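*Asks:* Provided herewith is a single structure, encoded as structure tokens, for subsequent inquiry.
The values are calculated or read from the model by the stated rules, or taken from the named source; none is laboratory data. Not measured: the values here are computed from a predicted model. Cβ sites come from the backbone with ideal geometry, for glycine too, and all protein chains shown count toward neighbours. Please note that ligands, DNA and RNA were not included when accessible areas were found on the heavy atoms of the full protein model with its side chains. Shrake-Rupley method; radii C 1.70, N 1.55, O 1.52, S 1.80 Å.
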Amino acid sequence: MLIEQPPLPYRLLFPEAIWRIKQRGRKVVYLTFDDGPIPEVTPWVLDLLDRHGIKATFFMVGDNVRRHPELLEQVRRRGHSYGNHTMHHLQGMKVSSHRYLHDIMEADSLIDSPLFRPPHGILRWKQARIIKLRYNLIMYDLVTRDYSRRLGPQQVFDNVRRYTRNGSIIVFHDSLKAQVNLKEALPRAIEWLKSEGYEFLSIPM
């Protein structure tokens with residue numbers, strides 16, 4: 001659970017961040033996709049979302065956008081929101097703040113979004129304070145762990161069923177590492193969420 005649903009003490013370390021978005025009188029979830037866009041997975045996700053009439057939010061690695069700018073345009077054209085996920089998928093705790101912030105600004109020149117999510121959900125407190133001056137810092141309420149080689153599609157789907165609650169920001173990944181689990185678990189998760197009465201929203205830009 002420490003991975004799938006971040007505990008309250010960790011959330012309190014970053015009061016600037018958005019972890020969950022509840023809507024009064026509505027039962028909602030926010031599907032988000034990290035680490036793309038890539039041609040092997042992102043178009044498949046977009047087609048699936050279109051079939052269900054769902055809008056989602058994509059947190060993009062700048063280097064992937066540099067190589068596949070047409071995929072960012074597809075996300076825009078299909079009405080989804082999108083955000084910055086650094087240029088090179090850097091983890092803030094492992095690099096200097098100067099390098100980290102420069103990497104974010106390099107990605108910003110390609111992505112141009114007010115939304116930012118730190119890779120792995122990990123960064124320094126000082127970095128978070130500076131980032132908040134320019135971006136809405138979007139974390140998550142549920143990580144499906146679709147990227148994990150220790151989990152299969154059933155376990156990823158079980159994480160969605162176990163941890164989703166009203167207002168959950170749910171993380172999937174449109175990445176090569178996640179694609180096997182994603183392509184089985186995501187359709188099942190969408191069907192289950194719909195059967196539970198959830199409405200799907202994108203995170204406003």
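*Asks:* Express the C-alpha Rg of the stretch 107-205 as a ratio against the empirical globular expectation 2.2 N^0.38 Å, rounded to two decimals.
*Replies:* 1.19
*Asks:* Within the stretch 1-151, what whole-number % of the accessible surface is contributed by carbon and sulfur, with the 1.4 Å probe and all protein chains included in the calculation?
*Replies:* Reported share for carbon and sulfur atoms: 54 percent.
*Asks:* What span do the alpha-carbon atoms of the chain cover on each of the three principal axes, reported in whole Å from largest to smallest?
*Replies:* That works out to 46, 39, 36 Å along the principal axes.
*Asks:* Order the following by accessible area, largest value first: LEU110, LEU133, LEU201, LEU71. Probe radius 1.4 Å; ligands, DNA and RNA are ignored.
*Replies:* Correct descending sequence by accessible area is LEU133, LEU110, LEU201, LEU71.
*Asks:* Per the helix-only calculation at 222 nm, which mean residue ellipticity applies to the chain, given -39500 (n - 2.57) for every DSSP H run of n ≥ 4 and division by its residues, nearest 500 deg cm²/dmol?
*Replies:* -12000 deg cm²/dmol
*Asks:* Let me check against my output: what whole-number percent is the relative contact order of the stretch 15-122, with C-alpha pairs under 8 Å and at least 6 apart?
*Replies:* For the stretch 15-122, the relative contact order is 25 percent.
*Asks:* With both bridge residues required to lie in the chain, what share of the DSSP beta bridges run antiparallel, to the nearest 5%?
*Replies:* Of those bridges, close to 10 percent are antiparallel.
*Asks:* Let me ask something else about it. Please report the antiparallel percentage of DSSP beta bridges with both residues in the stretch 12-100, rounded to the nearest 5.
*Replies:* In the stretch 12-100, DSSP labels about 10 percent of beta bridges as antiparallel.
*Asks:* If you don't mind, there's one more thing I want to ask. Taking amide H positions as placed 1.01 Å from N in the peptide plane, with prolines and chain starts having none, which residues 5 or more places from PHE58, or on another chain, fall under 5 Å of its amide H?
*Replies:* Residues meeting the criterion, in which the H sits 1.01 Å from N, are PHE33, SER81, TYR82, GLY83.
*Asks:* With just the Cα atoms defining each centre, how far is the stretch 78-96 from the stretch 161-205? Give it in Å.
*Replies:* Comparing the Cα centres of the stretch 78-96 and the stretch 161-205, I get a distance of 20 Å.
*Asks:* Where Lys and Arg each count +1 and Asp and Glu each count -1, what net charge lies around HIS68 among other residues with Cβ under 12 Å from its Cβ?
*Replies:* -3
*Asks:* In the neighborhood of ILE130, defined by Cβ-to-Cβ distances under 15 Å, what is the net charge if each Lys or Arg adds +1 and each Asp or Glu adds -1?
*Replies:* That sum, taken over residues with Cβ under 15 Å, equals +3.
*Asks:* Among GLN127, ILE138, MET205, whose Cα sits farthest toward the positive end of the charge dipole of the stretch 98-205 (+1 at Cβ of Lys/Arg, -1 at Cβ of Asp/Glu, about the Cα centre)?
*Replies:* GLN127
*Asks:* Roll a 1.4 Å probe over the protein chains and send me the accessible area per residue for the stretch 83-205 in Å².
*Replies:* Solvent-accessible surface per residue comes out at 46 Å².
*Asks:* Let me ask you something else. From the Cα gyration tensor of the stretch 1-49, with a ≥ b ≥ c the square roots of its eigenvalues, which class applies: rounded if a/c is under 1.5, or else prolate if a/b is larger than b/c, or else oblate?
*Replies:* oblate
*Asks:* Also, quick follow-up: In whole angstrom, how long is each semi-axis of the equivalent ellipsoid of the stretch 33-138, when you take the square root of 5 times every eigenvalue of its Cα gyration tensor and sort them from largest down?
*Replies:* Square roots of five times the eigenvalues give 25, 13, 11 Å.
*Asks:* Of LEU115, LEU31, LEU12, which is the most mobile in a GNM of the chain whose springs link Cα atoms less than 10 angstrom apart?
*Replies:* Highest fluctuation among the options: LEU12.
*Asks:* Now for a different question. For HIS52, HIS80, give the ranking by accessible area with the largest first, probe 1.4 Å.
*Replies:* HIS52, HIS80
*Asks:* Turning to a different aspect of this structure: Within the chain, what is the number of lysine pairs with alpha carbons under 22 Å apart, leaving out pairs fewer than eight places apart on the same chain?
*Replies:* 11
*Asks:* Taking the Cα centroid of the stretch 8-25 and of the stretch 121-139, what is the distance between the two, rounded to the nearest whole Å?
*Replies:* The distance from the Cα centre of the stretch 8-25 to that of the stretch 121-139 comes to 13 Å.
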